[in-house]
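Notes follow the structure.
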Protein chains: 2
Amino acid sequence: MARQNPGSKKRVTSYDVARVAGVSQSAVSRAFRPGLSVSDKTRTKVMKAAKKLGYKPNAIARMLITQRSGMVAVIISSISNLVYPELLSRVTDQLSARGVRVLLFTLDHSDQLEELLEQVWTFQVDGVIALTAHFDHRDIAQFEEHNIPVVLYNRQVPDHPVNTVCVDHSQGIRQLIDLLVENGNKRFIVLSGPPDSDVANERRRIALEHLAEHGFADVPVLYGDFSYQSGKDCFAEWMQDHGAPDAVVCSNDTMAIGCIDQARGTHGIDVPEQMSVVGFDGMYAAFWTGYELTTVRQPVNQMAKAAVDILMERIENPDAPPEKRVLAGTLIRGKSARA
Amino acid sequence: MARQNPGSKKRVTSYDVARVAGVSQSAVSRAFRPGLSVSDKTRTKVMKAAKKLGYKPNAIARMLITQRSGMVAVIISSISNLVYPELLSRVTDQLSARGVRVLLFTLDHSDQLEELLEQVWTFQVDGVIALTAHFDHRDIAQFEEHNIPVVLYNRQVPDHPVNTVCVDHSQGIRQLIDLLVENGNKRFIVLSGPPDSDVANERRRIALEHLAEHGFADVPVLYGDFSYQSGKDCFAEWMQDHGAPDAVVCSNDTMAIGCIDQARGTHGIDVPEQMSVVGFDGMYAAFWTGYELTTVRQPVNQMAKAAVDILMERIENPDAPPEKRVLAGTLIRGKSARA
DNA sequence: GTGAAAGCGCTAACAG
DNA sequence: CTGTTAGCGCTTTCAC
């Protein structure tokens, strides 16, 4: 008991309070839980004794007996995509507002998922929100075995119903591409996030499909990793062997900004006059005057709220069936695409 | 017990495993703790039974008896300052690497600190890292009463020794200002973070002091809130009644970027040719080609590691005296200040 | 409305 | 090395 150093008094329990207040231990317990039958007199005595002793209920003991930890695990990986810090913040706020604490897990490599889940099981969290992580149906099956609800963000699991909240990628990307096509762009390239990212794959697939519907087939794709530098690198790579395209469709805002900086800085291309660039996410920096991206803003607040709503519902009622909630993004007509 | 829905089997405990393995319950407990004396034979039997039953040790029960939660609370407020997500990520990694979980708390208004601390006490966290929060000596005293170690980031508490890890603001800002003075800048303004921020106040004070040492007294100060928009607004406000200064000293990178965008975009000022702007932090976006800030980079990795080192040391040995660790930042000679 | 008593699932002496 | 035995601090029937 490393914390029990000399001069420090033993931690005060409900028994200590009971003794001082001259009531039973269970009276103390009741006094600290709202809505339980205790007389005002008793409650007053208890509170006075508690304050005097500096008593705080021990949440760990409560968890053990109630089988509820009051904690939710939030899994997040890349912070280089700047929309995720914002999202994490909103999710945390939503959970706090409901009296639930956040146990934060970062996941850098997907091969650490197994041990991360191991932690999740032992910590008896009431639920899990996966902001950025690839889950296959086996992972989801584990959650079902453990009877612990999980909500995915912008992700789905093939052949397996699962709670998920998604921005409407299809609607958002269609709007971006319609805009680009309307304005006469003809030569497109796509800067995609990495092939091992579900989000990147979906956004790329949708972009290519919609371009094809407009008659633009075989649009070239370059792969980055969602980072600013990869946006620069991809565009630089393209320019080695080709001329500037009319328009660049990027998987996220960070890559779009990298692409713009590369085009303007190194290749002397005027964005948007000579080339249009569109992103996705609507993160803070997308609105900076230097960029003013044409992009689709994810409704981060509503999505965070939806994710927490779905999760809390499943915690209260474990038999509720999996639910998918899709929210529309907002087209931002910025200045990175010719109008 | 909402989770105990019909068809779901009762949760499996070490007793169940013991029964199936044909050993005592304490043997199961030992088998799951590394470095405890168990024969290979027993361990094998236990593990086999555990796997068969899907047993996972219950961390809550362990916490209750060991008086150690294995959790550290991390308090963070503003995510608009983009260096904090990076820091949070590094701190979380450092803690995970030591087998400690992160209980995340966001603090939007300082008047919520009281109830936040209430949570901290009841959750029996082993320690606290405050990335962004103002603590006065009374708050620190509470930590001492509860015997729970705390480490502050870039903050100190007047008249009260406390564990803290700080970037060397004085050294960093001195370098920035020396650079500006050497290059002939004479008319300065300071864009400060909000007066209720310890970090803003320290950075402003140091900047003004060093400017005064160079003979520049009474340098005008405008107050923002560390955000991009406030950088823009402050500079716009200045330009209403004054001409462009030679140099703008900003409290952080985000404001510096806002200031640059405002100067270039609205006022047609060439940065750095006509005006120099310096920031502080060295966040990712500061390195983007569109800005390439002249700034001081906080050694985020080392600082995260230092904070965790100090905290873990205090958790192991509660009698260790408070420690202040100051790390030098790195001057980044970017392109936002004339060379 | 109140108190007594029985655990929640595990760890940590202590004997054997 | 193994099993027995007390609890950790609290919630929750159940009588009174």
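Taking the options A:129, A:60, A:79, name whichever one is outside the structural domain of residue A:200 (by TED's automatic domain parsing), over 27 Å from residue B:115 (Cβ atoms) and touching a helix residue (DSSP H, G or I) at 6+ places or on another chain (Cβ under 7 Å). When all the criteria are applied, what remains is A:79.
Identify, from the list A:206, A:129, A:189, the residue that is in a strand (DSSP E or B) and farther than 29 Å from residue A:72 by Cα. Outline the logic, then answer.
Working: A:206 fails: in a strand (DSSP E or B); A:129 fails: farther than 29 Å from residue A:72 by Cα.
None of the others qualify; the one that does is A:189.
In segment A:231-286, of all residues being in a strand (DSSP E or B) and in contact with a Lys or Arg (Cβ under 8 Å, 6 or more places away or on another chain), the one that is surrounded by the fewest Cβ atoms within 10 Å (Cβ to Cβ) corresponds to A:276.
Checking each residue in segment B:60-84 for being within 8 Å of DNA strand C (Cβ to nearest atom) and either aliphatic (A, V, I, L, M) or buried (at least 23 other Cβ atoms within 10 Å of the Cβ) (or both) picks out B:60, B:61, B:64, B:65. Among the numbered conditions (1) in contact with a Leu (Cβ under 6 Å, 6 or more places away or on another chain); (2) closer than 30 Å to residue A:285 by Cα, the only one that residue A:30 does not meet is (2).
Does at least one position in segment A:146-168 carry a residue that is among the aromatic types (Phe, Trp, Tyr), modelled with pLDDT of 95 or more, in the same structural domain as residue A:96 (by TED's automatic domain parsing) and part of a loop (DSSP other than H, G, I, E, B)? Show your work before the answer.
The initial filter retains those residues of segment A:146-168 that are among the aromatic types (Phe, Trp, Tyr), namely A:153.
When the remaining residues are screened for being modelled with pLDDT of 95 or more, the result is A:153.
Now narrow it down to the ones that are in the same structural domain as residue A:96 (by TED's automatic domain parsing): A:153.
Then drop every residue that is not part of a loop (DSSP other than H, G, I, E, B), which leaves none.
Within segment A:146-168, not a single residue is among the aromatic types (Phe, Trp, Tyr), modelled with pLDDT of 95 or more, in the same structural domain as residue A:96 (by TED's automatic domain parsing) and part of a loop (DSSP other than H, G, I, E, B).
As a summary of the residue check, residue B:111 satisfies the conditions (1) free of Cβ contacts under 8 Å to residues at least 24 places away in the same chain; (2) within 16 Å of DNA strand D (Cβ to nearest atom); (3) out of contact with any helix residue (DSSP H, G or I) (no Cβ under 8 Å at 6 or more places or on another chain) except for the one numbered (2). For segment B:156-189, the set of residues classified as among the aliphatic types (A, V, I, L, M) and without any contact (Cβ under 8 Å) to a residue 24 or more places away in the chain consists of B:157 only. If you take the residues in segment A:36-59 that are more than 13 Å from DNA strand C (Cβ to nearest atom) and in a helix (DSSP H, G or I), which one is farthest from the other protein chains (Cβ to nearest Cβ)? My answer is A:48.
Against the list (1) closer than 30 Å to residue B:286 by Cα; (2) touching a strand residue (DSSP E or B) at 6+ places or on another chain (Cβ under 8 Å); (3) at pLDDT below 95; (4) more than 8 Å from chain A (Cβ to nearest Cβ), the condition residue B:91 fails is (3). Total residues in segment A:287-301 satisfying the condition of being in contact (Cβ under 8 Å) with a residue 12 or more places away in the chain, in a loop (DSSP other than H, G, I, E, B) and surrounded by fewer than 22 Cβ atoms within 10 Å (Cβ to Cβ): the figure is 2.
Among the residues of segment A:19-30, those that are more than 14 Å from chain B (Cβ to nearest Cβ) and within 9 Å of DNA strand D (Cβ to nearest atom) comprise A:24, A:25, A:26, A:27, A:28, A:30.
How about segment B:85-122: which of its residues are of a type in the set (Phe, Trp, Tyr) and surrounded by 22 or more Cβ atoms within 10 Å (Cβ to Cβ)?
Taking segment B:85-122 as the starting set, the residues that turn out to be of a type in the set (Phe, Trp, Tyr) are B:105, B:121.
Scanning segment B:85-122 gives a single hit, B:105.
Would you call residue B:68 under 25 Å from residue B:135 (Cβ atoms) and within 14 Å of DNA strand D (Cβ to nearest atom)? Yes; evaluated as a whole, the condition is true for this residue.
The values are calculated or read from the model by the stated rules, or taken from the named source; none is laboratory data. Remember, it's a predicted structure, so these values are computed and weren't measured experimentally. In this analysis, Cβ positions are derived from the backbone assuming ideal geometry, glycine residues included, and neighbour counts consider all displayed protein chains.
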